[in-house]
Amino acid sequence: MPTDLRLREVVEADLPLFFDFQLDPQANHMAAFTARDPGDREAFDAHWRKILADPTTINRTIVWNGRVVGSVASYVESGRPEVTYWIGRAHWGKGIGTRALAAFLAQVNTARPIYARVAKDNLGSRRVLEKCGFRVAGESKGFANARGEEVDELLLELPAIGKDEREP
Ligand SMILES: CC(C)(COP(=O)(O)OP(=O)(O)OC[C@H]1O[C@@H](n2cnc3c(N)ncnc32)[C@H](O)[C@@H]1OP(=O)(O)O)[C@@H](O)C(=O)NCCC(=O)NCCS
């Protein structure tokens, strides 16, 4: 079946859906480095107000066959651009994460190198990144709110265009 994936600016009406996606316990466990309390709507709203007003953060809504299915973003951490994404659980396993990140990197943030952080055991996210050309560039540990403990984390890097980037 042909599928249509688009990225567009985030609008206020997307936020209740993003909040629902954020409530999912399985997704939280997977992502590990999440909001302290995913059910805190006020903190969620404050976070989105902040990132939508921040010119160094680029947010996009992922629309798949006309439905909002998640978000993808880049932000600056310690002076370096990083990407992040979250797909609603009902839409996992259809290639959306990979296609959305590839589209974001091709159309929206073409800065290179660009980085991502992922819990070492988040195999889905790691695979999405590797299919988009990222390679493991480091390892550390950090406190993961979703798990209440320190978790191993990988830093992945997408090097300069032409060096390693390819179609997923
Ligand atoms: C990680 C996430 C983005 C994957 O999205 P998705 O749309 O299901 O990913 P895709 O369908 O593009 O799958 C890409 C690859 O990862 C694999 N994969 C996906 N989920 C997986 C999992 N839980 N375990 C192992 N492999 C997995 C797929 O099989 C596919 O590999 P293949 O092409 O070799 O078959 C999604 O599960 C998610 O949003 N999780 C919660 C939030 C999160 O972890 N965000 C990232 C924070 S770093």
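No value in this document is a laboratory result; all are computed from the given coordinates. Only a predicted model underlies this, so the values are computations on that prediction, with no experimental measurement involved. Methodologically, a virtual Cβ is constructed for each residue, glycine included, from the backbone with ideal geometry; neighbour enumeration extends over all protein chains shown.
For residue 64, what charge total do you get from the other residues with a beta carbon under 10 Å from its beta carbon, if Lys and Arg give +1 and Asp and Glu give -1?
So the environment of residue 64 carries a net charge of +3.
What's the exposure ranking of 50, 94, going from fewest to most Cβ atoms within 10 Å?
With the fewest neighbours first, 50, 94 line up as 50, 94.
In terms of modelled amide H atoms, which long-range or inter-chain residues lie less than 5 Å from the amide H of residue 137?
155, 156, 157
Evaluate the charge dipole of segment 1-67 about its Cα centre and quote only its size in Debye, nearest 20, assuming +1 on the Cβ of each Lys and Arg and -1 on the Cβ of each Asp and Glu.
200 debye
Between segment 7-22 and segment 44-107, what's the alpha-carbon centroid distance in Å?
About 10 Å separates the Cα centre of segment 7-22 from the one of segment 44-107.
Among 118, 10, what is the fewest-to-most ranking by other Cβ atoms within 10 Å?
Lowest to highest Cβ neighbour count: 10, 118.
For 87, 62, 114, 51, what's the fewest-to-most ordering of other Cβ within 10 Å of each Cβ?
Starting with the residue having the fewest Cβ neighbours, the order is 51, 114, 87, 62.
Sum up the charges of everything whose Cβ sits under 12 Å from the Cβ of residue 150, counting Lys and Arg as +1 and Asp and Glu as -1, but leave residue 150 out.
Taking every Cβ under 12 Å from that of residue 150, the sum is 0.
Find out how many positive minus negative residues lie around residue 13, taking Lys and Arg as positive, Asp and Glu as negative, among other residues whose Cβ is under 14 Å from that of residue 13.
So the environment of residue 13 carries a net charge of -3.
Rounded to the nearest 20 Debye, what is the dipole magnitude of the chain about its Cα centre when Lys and Arg each give +1 and Asp and Glu each give -1 at the C-beta?
520 debye
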